[in-house]
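Data block below; observations after.
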Amino acid sequence: MAAKKEQKPGTPSITNRKARHEFTIEDSFETGIVLTGTEVKSLRQGNASFGDAFAYMKSGEVWLKEFYIKPFEHGSYNNHDPRRERKLLLKREEIRKIDRAVSQKGVTLVPLKLYFTRGLAKLELGLAKGKRKYDKRATIAAKDEKRDRDREIKRAKMAGI
């Protein structure tokens, strides 16, 4: 995985919060995404939604499907189709690694985050396995426990001051 780059404040970052709840992420990749001009303008305004988006392999390429980008408000007849399939840009070795992993039972490609780096739209793509219902409950219980612990620590600090 590539090193993380700093993002300017104010640049939009769209995350798929549902993905981390529904899936266990085993590995992640930073990919480029092929977009049209009006799609980029709409993304810079933060007008996108992951919804039920997923990625899949087709003839040696990785494609993103069901990713919604709202049509650009000031785009005329040049506007894009909001739910069209978009090609993801990866290195050949990463594609091979993804292909091997996806061929296993229960492994899927899930988009995690969309952000801009040096003016280019990047998509964080994760290799994921679905969580069972009891796994989701355990995750929620751990978050609740951590939140309660943090509250107690904060109360103790406030009382000590």
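The values are calculated or read from the model by the stated rules, or taken from the named source; none is laboratory data. As the structure is a prediction and not an experimental result, all values here were calculated from the model. A quick note on method: Cβ atoms are made from the backbone with ideal geometry, for glycine too, and the neighbour counts reach across all protein chains shown.
A few points about this structure:
- Hits in the stretch 18-32 - residues which are at pLDDT 80 or above and not in a strand (DSSP E or B): none
- Boolean, ARG96 is charged (D, E, K, R) and farther than 18 Å from ARG44 by Cα: yes
- Pairs where the first residue, in the stretch 33-60, is assigned to a loop (DSSP other than H, G, I, E, B) and the second is of a type in the set (Gly, Ala, Ser), C-beta under 8 Å, 6+ apart: LEU35/ALA121; PHE50/ALA19
- Within the stretch 125-145, the set of residues being without any contact (Cβ under 8 Å) to a residue 12 or more places away in the chain, surrounded by 10 or more Cβ atoms within 10 Å (Cβ to Cβ) and not basic (Lys, Arg) comprises ALA138, ILE140, ALA141, ALA142, ASP144, GLU145.
- The residue pairs whose first member lies in the stretch 96-114 and is buried (at least 18 other Cβ atoms within 10 Å of the Cβ), whose second member is part of a helix (DSSP H, G or I) and of a type in the set (Val, Ile, Thr), and whose beta carbons are closer than 8 Å, counting only pairs six or more residues apart or on different chains, are LEU109/ILE98; LEU109/VAL102.
- Condition met for THR38 (of a type outside the set (Asp, Glu), modelled with pLDDT of 80 or more and in the same structural domain as VAL107 (by TED's automatic domain parsing)): no
- Looking only at residues of the stretch 61-70 that are touching a helix residue (DSSP H, G or I) at 6+ places or on another chain (Cβ under 9 Å) and part of a strand (DSSP E or B), we find that the one that is nearest to LEU35 (Cα to Cα) is ILE69.
- Among residues of the stretch 108-161, those that are among the β-branched types (Val, Ile, Thr) and not assigned by TED's automatic domain parsing to the domain that holds GLU85, counted: 4
- Residue check for ASP148: at pLDDT 90 or above and either on the phi < 0 side of the Ramachandran plot or surrounded by 10 or more Cβ atoms within 10 Å (Cβ to Cβ) (or both): yes
Residue-wise test of (1) closer than 23 Å to THR15 by Cβ; (2) among the aliphatic types (A, V, I, L, M).
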{"position": "LEU127", "(1), (2)": "yes, yes"}
{"position": "TYR134", "(1), (2)": "no, no"}
{"position": "GLU145", "(1), (2)": "no, no"}
{"position": "ALA156", "(1), (2)": "no, yes"}
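- Conditions (1) closer than 27 Å to SER49 by Cβ; (2) free of Cβ contacts under 8 Å to residues at least 24 places away in the same chain; number of the one not met by LYS87: (2)
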